[in-house]
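Student: I have a structure here, written as structure tokens, and I will follow up with some questions on it.
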Amino acid sequence: MLDMLRIGVLSDTHLIKITEDFKIMMKKVFGSVHMLIHAGDMTGLEVYDYLCNWELKAVRGNMDDSHLKTILPEKRVEEIMGKRIGIIHGRGAPIGIEHMVYDEFKDVDAIIFGHSHFPLHTKKGNTFLFNPGTYKSSFMYTGTAGIMEIDHEIRFRHIEVK
């Protein structure tokens, strides 16, 4: 059994096709992770197929195509190394989204979500809330992703990807 599990965390990649930049980023940032969590808005089935090269835990987002909407749940809870992790994309306005996603789960140690494109790492009660941000850089955001490490506790960090 592993002493520590490293998990790559993505959301809002918004890609129809896999680009060479995305492949390079995945190898560089997530080359040594044991698992990937994607919190929705992959957008295209080709992205899902590529991410399945890792052990993938994913949910659908509001921008995902019809194929992804049929194969991915809206939300899920995964037990990983004894920790309960809620995964959801999110919906509605980005302001206060952490309250909406928090209300979607009971008895979880952490909630991973997306939708707002804004990186967030906070705690509400005993629950960590983590939004990795968006892979794509824009005039407002630097592209970001996340790493979650689990051993006897959970740790998150953001990584600039572009």
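Student: Quick one: which of Leu15, Leu2 is among the hydrophobic types (A, V, I, L, M, F, W, C), out of contact with any Leu (no Cβ under 8 Å at 6 or more places or on another chain) and surrounded by fewer than 11 Cβ atoms within 10 Å (Cβ to Cβ)?
Tutor: Of the residues listed, the single one that is among the hydrophobic types (A, V, I, L, M, F, W, C), out of contact with any Leu (no Cβ under 8 Å at 6 or more places or on another chain) and surrounded by fewer than 11 Cβ atoms within 10 Å (Cβ to Cβ) is Leu2.
Student: May I ask you to say which residue of Val33, Val29 is in a loop (DSSP other than H, G, I, E, B), touching a residue at least 60 places away in the same chain (Cβ under 8 Å) and more than 13 Å from the chain's Cα centre (by Cα)?
Tutor: Val33
Student: Here's something else I'd like to know. Criterion first (free of Cβ contacts under 8 Å to residues at least 12 places away in the same chain and either at negative phi or part of a helix (DSSP H, G or I) (or both)) does Lys17 satisfy it?
Tutor: no
Student: Here's another thing I want to ask about it. State all residues of region 50-77 that are charged (D, E, K, R) and under 16 Å from the mean Cα position of the chain (by Cα); if no residue qualifies, say none. Before the answer, list the steps.
Tutor: Here is the first cut: in region 50-77, the ones charged (D, E, K, R) are 55, 57, 60, 64-65, 69, 74-76.
Scanning region 50-77 gives Glu55, Lys57, Arg60, Asp64, Glu74, Lys75, Arg76.
Student: Could I ask something else about it? Please enumerate the residues belonging to region 39-62 that are of a type in the set (A, V, I, L, M, F, W, C) and part of a helix (DSSP H, G or I).
Tutor: Selection gives Leu45, Val47, Leu51.
Any read-out appearing in this document is the output of simple, stated calculations on the displayed coordinates, not a laboratory observation. Computed from a predicted structure; not experimentally measured. Heads up, the Cβs are rebuilt from the backbone with ideal geometry, glycines too, and the neighbour counts pull from every protein chain shown.
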